[in-house]
Amino acid sequence: MKLYLHQKQIENRIHELAHEVNDAHCLDDSPFVMVGILNGGFMVFSEFVKHLNIHVECDFIRAKSYKGKKQSKIEITKDIECDIDNKHVFLIDDFADSGKTIQHLIADLDFKGARTISVVTVFKRKASPRLILPVDGIHYNGFEVDEEWLVGYGLDDENGYYRNLSNVYSI
């Protein structure tokens, strides 16, 4: 494994993303729901929401789309529990790779009546297609990466290990 990004670099970028959201919504008293995508997004979610100055509800969704390093059928194995009708929803995840899982979740949340849907990711592949968001949705992204397989800070290997590492490594 080779060090790719230090924890402090990642957390500084997450703080910047949270401040962008704060600035964009500081005068908006509409309801906000932050939805962490499990399993990979748990560390990003925790770091992100604690730096928000807006009032938020927190919930989680779990979607599986990988078996090892191969992408397979997308299935929601844990759905959100809060009502998102007419609320601003932010999906928070570690990585936008092909974008298929996030697009699937966006469609699901849009169907459930979200007022707006935005996405927060720490990593996005340079070669991945642009996310298609409903009107007024924004993709807040920390870093663009090439084709490296990254682990740590919520990212795992094909066996589900290394999510607990504080730094991000390429393998």
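For the reader, a short list of remarks on this structure follows.
- Largest to smallest accessible area among 130, 62, 125 [probe 1.4 Å]: 130, 62, 125
- For the cross-link pairs 73/112; 8/126; 2/78; 87/126, the ones whose C-alpha atoms lie over 25 Å apart are 2/78; 87/126.
- Full extension of the chain between residue 57 and residue 130 yields a length gain of 23.6 nm, computed as 0.36 nm times the residue separation minus the alpha carbon distance.
- Reported to the nearest whole Å, the Cα centre-to-centre distance from region 25-55 to region 134-158 is 16.
- In the chain, the portion of solvent-accessible area held by carbon and sulfur atoms comes to 49 percent [1.4 Å probe, whole percent, DNA, RNA and ligands not counted].
- Counting only Cβ charges, +1 for Lys and Arg and -1 for Asp and Glu, the dipole size of region 1-125 around its Cα centre is about 940 debye.
- Antiparallel %, DSSP beta bridges [both residues in region 12-140], to 5: 20 percent
- Electrostatic bookkeeping for residue 81 treats Lys and Arg as +1 and Asp and Glu as -1; over the other residues with beta carbon under 11 Å from its beta carbon, the sum is -3.
- Accessible area (Å², 1.4 Å probe, nearest 10) - residue 158: 80 Å²
- Take the Cα of residue 20, step 7 Å toward its Cβ, do the same at residue 104, and the gap between the two points is 2.6 nm.
- Over 27 Å [Cα-Cα, the chain], rounded percent: 20 percent
- Solvent-accessible surface (1.4 angstrom probe) belonging to residue 146, in square angstrom, nearest 10: 80 Å²
- Selection among 151, 63, 166 by position relative to the dipole of the chain gives 151 as farthest towards the positive end (Cβ unit charges, Cα centre).
The values are calculated or read from the model by the stated rules, or taken from the named source; none is laboratory data. All of these numbers come straight from a predicted model, not from anything done at the bench. Virtual Cβ from ideal backbone geometry, glycine too; neighbours counted across all protein chains shown. Note: areas computed on protein heavy atoms with side chains; ligands, DNA, RNA excluded. Shrake-Rupley method; radii C 1.70, N 1.55, O 1.52, S 1.80 Å.
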